[in-house]
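Notes follow once the structure below has been shown.
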Amino acid sequence: MDKPKQMIVMRRDLKMRKGKIAAQAGHACVTAVLAALEREKRLGQVRADENGVTLTESEQPVTPLSEWFSRGVAKVCVYVDSEEELLAIDRKAKEAGILSALICDNGITEFHGQPTYTCLAFEPALPEKVDPITGELPLF
């Protein structure tokens, strides 16, 4: 079985500073993982407490997120060159049942005060789910 990976899609056309890119990607990754964790907590597949995240003993199959917590996952950063492309990737992910975190920056430090979609990240997922959506995008 292939290992899950987390896809991060950045907007290259914004020409963000390196620190801004890192911050935006971090926001997206954390948001996507937290959303996936919340879904799995509702399903009883993981338990989070003060000692960290623990897989529950159950008949539930191992999920990409639980595998990420136990063995790690690759993060792959690709890019698009427009807001329209970014929003299209987000729609395709949702249509495929993949949780995605679309990040809209407030525009305070860049973007002249205009809220701007900068990037998105998927929940950790198997390549067969994400490659049809992001497989043709160039590496960032």
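The values are calculated or read from the model by the stated rules, or taken from the named source; none is laboratory data. Worth saying up front: this structure is predicted, and the values here are computed from it rather than measured. Glycine also receives a Cβ, built like all others from the backbone with ideal geometry; neighbour counts cover every protein chain displayed.
Whether any residue in segment 35-46 is among the small types (Gly, Ala, Ser), modelled with pLDDT under 95, part of a strand (DSSP E or B) and exposed (fewer than 13 other Cβ atoms within 10 Å of the Cβ) is what I want to check.
no
Residue-wise test of (1) of a type in the set (A, V, I, L, M); (2) in contact (Cβ under 8 Å) with a residue 12 or more places away in the chain.
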{"site": "ILE89", "(1), (2)": "yes, yes"}
{"site": "LYS94", "(1), (2)": "no, no"}
{"site": "SER100", "(1), (2)": "no, yes"}
{"site": "ASN106", "(1), (2)": "no, no"}
{"site": "HIS112", "(1), (2)": "no, no"}
{"site": "LEU120", "(1), (2)": "yes, yes"}
{"site": "LEU126", "(1), (2)": "yes, yes"}
{"site": "PRO132", "(1), (2)": "no, yes"}
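Please go through (1) at pLDDT below 95; (2) within 15 Å of the chain's Cα centre (by Cα); (3) not aliphatic (A, V, I, L, M) for LYS92 and return the number of the only condition it doesn't satisfy.
(1)
Considering only segment 116-132, I want to know if a residue exists there that is under 17 Å from LYS20 (Cβ atoms), modelled with pLDDT of 95 or more and among the polar types (S, T, N, Q).
Yes, the conditions are met somewhere in segment 116-132.
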